[in-house]
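Participant: My questions all concern the structure below.
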Amino acid sequence: MTSIRLLHQQPSPSASNPASNPTSSSLGAPLEVSSVNFVELRCPDIINADGFAVPGPDCNAPLATLADGEEALGFAAEQELLSGDLVQVTLRVDEETAAALNATRRPRRNQASPSPAPSGHRRRQLLQQGADDDENDGMSSDPEPEGEQLAAALDESDDEYGADADADEDEGADQDGGDDEDDEVAGMQAVEDAASELASRPRRELRSAAAIARRQSPSGFKYVPGTLRIKRRGEQKEIYTGSPIPLRATIYLLDFCNWTNPYRSPEAFKKYVSSGNGSIENNLMNYYRTCSYGKSSFDWGNVTVIGPVQLPCKGNVSSGFLKYTFDASTKCGAAEQLSWVRGSEAYGQQLAATNDAVKSILTWTQRRRIMLILPAQAKCGWAGLADVACTSPTCRSYIKGGYASNDNIMYHELQHNYGLSHAGKGMNEYGDPTDPLGDYNAVGTHLQCHNAPNNYRIGWAKPVNEIPGKGGDGWWGNLTAGNFTAASNHLRFTIPASATSDENMVVVNLAAASADPTAARIAYPKYFLSYRVRNATAGAFDSGITSGYSNRLIIHAFNGSQSERDYNRSLLIDAGPKFSKPDPAFANGTVWAAPFVPYNAATGLGGGLRIRVLRTGPAAVEVDVCRMYDTREGAPGSEACYAGQDRDCDGLYGLDDPDCAGSR
């Protein structure tokens, strides 16, 4: 078996001035940026006799991409994949790689026990714009010829290429039954030879995110659609449910190819990690302690910084039975990333032999973060890269050069490890300036905490209660269609500033008839209402929220839930009291309206939503949430006009509404 690794591209500031460029200027066409989402395979780590996470020696899964672009996001959602899931897939190998494999296969060695199964990973990349545009790895964009199919990952009783013990489950695997080569595995030199051949092809310049996608993983293997089978699902268990969640992390400062990372000692880097004299205001420890309301931590005792670590520039790195060449002087692909992780962890394990503090962290076997700080000269098309979610013994993130002095970037990548997706606005997947997973360029060294949907997703915040701090787990401010009737469709709420309480949002889900998971549903956005106020205290919650969103009611759409297998992104819709796209039926611009769909009296679903800002203050906002049952009160003389209701949420009831003029 093998597993999934998801990667995802994000624009970043320019290398010369990380805080200067707005995200929108570097985004590019949405399709181009989205083309660098990836679903990839990765061999798993196992825990050895000394308690360290080490590579599984018997894995035979190649470093291969199963899907990229929007297809990757849809693929993960459709299969309900989470990083760490153990899967079985069939890959098609192109003719060149197949020839190399056939020429160098060696007999399969005997195994006393089933081989370990690779763990799946979603990854996200932070695109570095304007740098290294002429990099490439020599791979062609021409369609790959169809060759023989190889089972990239099989069930635990058989891990050979080309043979599949689960024949009844996986029709896509080649099975010729009598071929001796199907009882052999690929030789370690096979992919190295194939890669050398591919490298001799004419080079092409790296000009787009799509080219980054093509070069991310060694070529030669292509997923056969429909052959993925889930063998075991992982669990992250990092949604807050009542007990604080301490994070464990090992941060390595790497040197290679005669290039040095910007930090010449752990002490030089620690100011970006912890509070204290000379520390950065939004250091990682402060980010977690403050933005999580104390529900998660990134503190010394669980975090260590190691380095500088001198690693080879070029060479070979093994992944189970297969061996790959890497050349960090020319690219930052899957083989290079693998070599950095393997080399760093080997160095850390040697250090642990004489350092108990390091050993206690490296022998932590559940969801340990590995962050690698690279030299600024590293030939990467991104500023940061990270696994999305963390269910394996380890998960990774990579930060290039001086970008590690931007805690917003490091926190952004670490929160991908937490499982969060990007925070968007309009067509810009990263355009939400109210969340670190969006556009953090105006934040500087201040602290910008999460928007309401992302806080809700990981359990750091919840909807308001009728009596603050009492009366349920936010149920009062967690609305469905069942909370409204035509006679009582105006609900008023006081929403505290996010900095003052973790009960700080109202969720309106008109798509559901009730909170019962089995209740009737329709397709309709779920809206999150929150209030953000800029804090003048350095290092305080939302000290980095921009003035354009301070003292504003903020509306997000997010169809997700508190689930590890949630694949939805939050989307910033608008902010009031002066909305950018107000309801045109109101002249003062303080009313925002959601789309209207016809109301179905039989199901109780449908209608629309109007949000009115009543009052803003230094610590809270008062809002009126009204469910629309129609776009007008009623036809003159109709029963609706005599019901004394405000079915269209314009604030005028029954016969007082001009819609009913002429009624008798």
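Participant: Efficiency by 1/(1 + (r/R0)^6): what FRET value for residue 316 and residue 562, r their Cβ-Cβ distance, R0 = 45 Å, to the nearest 0.05?
Facilitator: On the way: r = 44 Å, r/R0 = 0.98.
The formula returns an efficiency of 0.55 here.
Participant: Any idea what the relative contact order of region 269-318 is, in percent, if you count C-alpha pairs under 8 Å spaced at least 6 apart?
Facilitator: 24
Participant: Determine the gain in length on full extension of the stretch residue 302-residue 578; use 0.36 nm per residue of separation and subtract their C-alpha separation, reporting nm with one decimal.
Facilitator: 94.8 nm
Participant: Quick query: amide H of residue 430 versus all other amide H atoms, modeled in the peptide plane; which residues come in under 5 Å with a sequence gap of 5 or more or a different chain?
Facilitator: Excluding prolines and chain starts, which carry no amide H, the hits are 425.
Participant: Under a 5 Å amide H to amide H cut-off, with H placed in plane at 1.01 Å, what residues pair with residue 499 once short-range neighbours are removed?
Facilitator: Here the answer is 533, since their amide H atoms fall under 5 Å of that of residue 499.
Participant: By DSSP, what percent of the beta bridges with both residues in region 245-425 are antiparallel, rounded to the nearest 5?
Facilitator: Of all bridge pairs located within region 245-425, approximately 30 percent are antiparallel.
Participant: Now, a different point. Gain in length, residue 488 to residue 346, computed as 0.36 nm per residue apart minus the alpha-carbon separation, to one decimal in nm?
Facilitator: 44.6 nm
Participant: Can you give me the Kirkwood hydrodynamic radius for region 245-425, using every pair of distinct Cα atoms, in Å to one decimal?
Facilitator: So the Kirkwood estimate lands at 16.6 Å.
Participant: Please give the charge dipole size of region 270-348, origin at the Cα centre, charges +1 on K and R Cβ atoms and -1 on D and E Cβ atoms. Round to the nearest 20 debye. Walk me through the numbers on the way to the answer.
Facilitator: Working: 8 positive and 5 negative charges, 6 e Å.
Rounded to the nearest 20 debye, it is 40 debye.
Participant: Straight-line reach from residue 359: which lysines have Cα under 21 Å away, leaving out those fewer than 8 places along the same chain?
Facilitator: 270
Participant: At a threshold of 8 angstrom on Cα-Cα distance, excluding pairs fewer than six apart, so keeping six or more, what relative contact order does region 452-629 reach in percent? Could the numbers behind the result be given before it?
Facilitator: Numbers: 411 pairs, mean separation 37.5, N = 178.
It comes to 21 percent, rounded to a whole number.
Participant: How do 87-96, 646-655 rank on mean C-beta neighbours within 10 Å, highest first? Working shown, then result.
Facilitator: Details: 87-96: 22.9, 646-655: 19.9.
Final packing ranking: 87-96, 646-655.
Participant: Can you report the principal axis dimensions of region 209-323 using only the alpha carbons, biggest first, rounded to whole angstrom?
Facilitator: 52, 45, 30
Participant: Got a sec? Charge dipole of region 263-380, +1 on Cβ for Lys and Arg, -1 for Asp and Glu; which of 301, 341, 325 is way out at the positive end?
Facilitator: Result: 325.
Participant: Highest mean first, how do 443-452, 491-500, 277-286, 615-624 rank when packing is the count of other Cβ atoms within 10 Å averaged over residues?
Facilitator: On the way: 443-452: 24.1, 491-500: 19.7, 277-286: 18.1, 615-624: 16.3.
Top to bottom by mean Cβ count within 10 Å: 443-452, 491-500, 277-286, 615-624.
Participant: Run the numbers for residue 466 and residue 48: contour at 0.36 nm per residue of separation, minus the present Cα-Cα distance, in nm.
Facilitator: Values: separation 418, 0.36 × 418 = 150.48 nm, distance 5.18 nm.
Between residue 466 and residue 48, full extension yields 145.3 nm more.
Participant: Which three numbers, in whole Å and largest first, are the semi-axes of the equivalent ellipsoid of region 452-629 derived from its Cα gyration tensor as √(5λ)?
Facilitator: Over the Cα atoms of region 452-629, the ellipsoid semi-axes are 25, 20, 15 Å.
Participant: To continue, here is another question. Checking the table 231/462; 222/323; 271/400 against a 29 Å threshold on Cα-Cα, which pairs fail?
Facilitator: Details: 231/462 34 Å; 222/323 18 Å; 271/400 17 Å.
As for pairs spanning more than 29 Å Cα to Cα, those are 231/462.
Participant: Arranged from highest to lowest average of other beta-carbon atoms within 10 Å per residue, in what order do the peptides 241-250, 397-406 appear?
Facilitator: Highest to lowest by the protection proxy: 397-406, 241-250.
Participant: Residue by residue through region 617-626, which ³J(HN,Hα) values in whole Hz follow from phi under the Karplus form 6.51 cos²θ - 1.76 cosθ + 1.60 (θ = phi - 60°), with glycine and proline marked x?
Facilitator: For region 617-626, the Karplus-derived couplings read x, x, 10, 6, 10, 9, 9, 10, 10, 10 Hz, x marking Gly and Pro.
Each value in this text was obtained by applying a stated rule to the coordinates, not by laboratory testing. This one's a predicted model, so the numbers in the text were calculated from it and none came from an experiment. Cβ sites come from the backbone with ideal geometry, for glycine too, and all protein chains shown count toward neighbours.
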